[in-house]
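Take a look at the structure below.
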Amino acid sequence: MENYTVKKVLNNNVIIANWREEDAILVGKGIGFNSKKGEVLSKDKIEKVYIKTTSKMSENYNKVLDNIDNKIVGISEEIINFSEKALNTKLNEGVHISLPDHINFALRRIEKGINIENPFLEELGIIYPKEYEIAMKALKMINERLKVNLPKDEAGFICLHIRAGITKQQVSESLAYTKKISKVMELISKLKGKPLDKNSLSYVRTLTHLNFMIERVKEDKTIKNELLDSIKEEMKSEFGIAIKVAMLIEKLFEIKIPEDEIGYIALHLKRIGQY
């Protein structure tokens, strides 16, 4: 029978426990309520157990516990827990370090009166919709529990941390991808000769299409375009713009866009700005 002994209570729902001479992060509704250091926990309260897999990870997490408020660490663990439930996947264990560290940094900025701005908020919501939805829930939890007022922009950064936890990439890699997509949309706006409404259905569809197209090209799963000849004949202006857009995508992402895919870009360019 496995026994977990309370070592540190982070909040009502998260504790650090001793297990086989190792520290374990335990998450469960009410698991920390009235729990005292040294007592053995009831198994029925334990919803999730995180065991750090390396000594380096354990060392880094101990630094987090020593330097960041327990409330912030506890909320971070709850966010990780409901993220894994919602996404039905286990996040990279590095997120147990990066997420509380980031939230702590964001709160320090707010305390100092420094604005938190995320210029790619709309793009993040479109490219990573599930992660963004979770991040909005996380932001609400942080603001309500800690009685702070982190802006909506912060959800974009939390979204990046969740995405990094899924892909095992660095946060900077997901952000770099989003910046590149944003540059492509800026070029479309410039070539169309008018600003694009980021909240419009056509903008969302175009950005979503480009995102999946890039994935298809990288995986060599491009789609045959039966309408290509008609598009080239009847949408000459849009096809010309689509070629320039494809050239930028090729440069930014180091891929080659087939003509069939350029035709689909032209179709979206025809629709963008119409609704």
Per-region count, region 249-268, residues in a helix (DSSP H, G or I), farther than 15 Å from residue 205 by Cβ and of a type in the set (A, V, I, L, M, F, W, C): 4
State whether the residues of region 157-167 include one that is surrounded by fewer than 17 Cβ atoms within 10 Å (Cβ to Cβ) and either under 14 Å from the mean Cα position of the chain (by Cα) or over 19 Å from residue 253 (Cα atoms) (or both). yes
Within region 113-165, residues among the β-branched types (Val, Ile, Thr) and free of Cβ contacts under 8 Å to residues at least 12 places away in the same chain come out as 114
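With over 17 Å from residue 258 (Cα atoms), under 26 Å from the mean Cα position of the chain (by Cα) and surrounded by 14 or more Cβ atoms within 10 Å (Cβ to Cβ) as the only criterion, which of 175, 191 stands out?
Values: 191 fails: under 26 Å from the mean Cα position of the chain (by Cα).
Among 175, 191, only 175 is over 17 Å from residue 258 (Cα atoms), under 26 Å from the mean Cα position of the chain (by Cα) and surrounded by 14 or more Cβ atoms within 10 Å (Cβ to Cβ).
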Conditions (1) of a type in the set (A, V, I, L, M, F, W, C); (2) exposed (fewer than 14 other Cβ atoms within 10 Å of the Cβ); (3) in contact with a Gly (Cβ under 9 Å, 6 or more places away or on another chain): number failed by residue 228: (2)
In region 100-111, residue modelled with the lowest pLDDT [restricted to those that are over 12 Å from residue 154 (Cβ atoms) and not basic (Lys, Arg)]: 111
Tally of residues being of a type in the set (Val, Ile, Thr), free of Cβ contacts under 8 Å to residues at least 40 places away in the same chain and not in a loop (DSSP other than H, G, I, E, B) across region 50-72: 2
Does residue 203 satisfy the criteria of being out of contact with any Asp or Glu (no Cβ under 7 Å at 6 or more places or on another chain) and among the hydroxyl-bearing types (Ser, Thr, Tyr)? no
For residue 220, the lone unmet condition from (1) more than 30 Å from residue 160 (Cα to Cα); (2) not in a helix (DSSP H, G or I); (3) not small (Gly, Ala, Ser) is (1)
State yes or no: is residue 161 assigned by TED's automatic domain parsing to the domain that holds residue 92 and out of contact with any Pro (no Cβ under 6 Å at 6 or more places or on another chain)? yes
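Suppose the filter is out of contact with any Lys or Arg (no Cβ under 7 Å at 6 or more places or on another chain), of a type in the set (Gly, Ala, Ser) and in a loop (DSSP other than H, G, I, E, B); does residue 35 pass it? Reasoning before the result, please.
Details: out of contact with any Lys or Arg (no Cβ under 7 Å at 6 or more places or on another chain): yes; of a type in the set (Gly, Ala, Ser): yes; in a loop (DSSP other than H, G, I, E, B): yes.
Yes: the conditions hold for residue 35.
Evaluate region 51-65: report whether one residue or more is under 19 Å from residue 173 (Cα atoms), touching a helix residue (DSSP H, G or I) at 6+ places or on another chain (Cβ under 7 Å) and surrounded by 17 or more Cβ atoms within 10 Å (Cβ to Cβ). Write out each step before concluding.
First, pick out the residues of region 51-65 that are under 19 Å from residue 173 (Cα atoms): none.
No, every residue in region 51-65 fails to be under 19 Å from residue 173 (Cα atoms), touching a helix residue (DSSP H, G or I) at 6+ places or on another chain (Cβ under 7 Å) and surrounded by 17 or more Cβ atoms within 10 Å (Cβ to Cβ).
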When you scan region 88-98, do you find a residue that is part of a helix (DSSP H, G or I), in contact with a His (Cβ under 9 Å, 6 or more places away or on another chain) and of a type outside the set (Asp, Glu), even just one? yes
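The values are calculated or read from the model by the stated rules, or taken from the named source; none is laboratory data. Bear in mind that the values here come from a model prediction, so they are computed numbers and not experimental data. Neighbour counts are summed over all protein chains in view; Cβ atoms, including those assigned to glycine, are modelled from backbone coordinates with ideal geometry.
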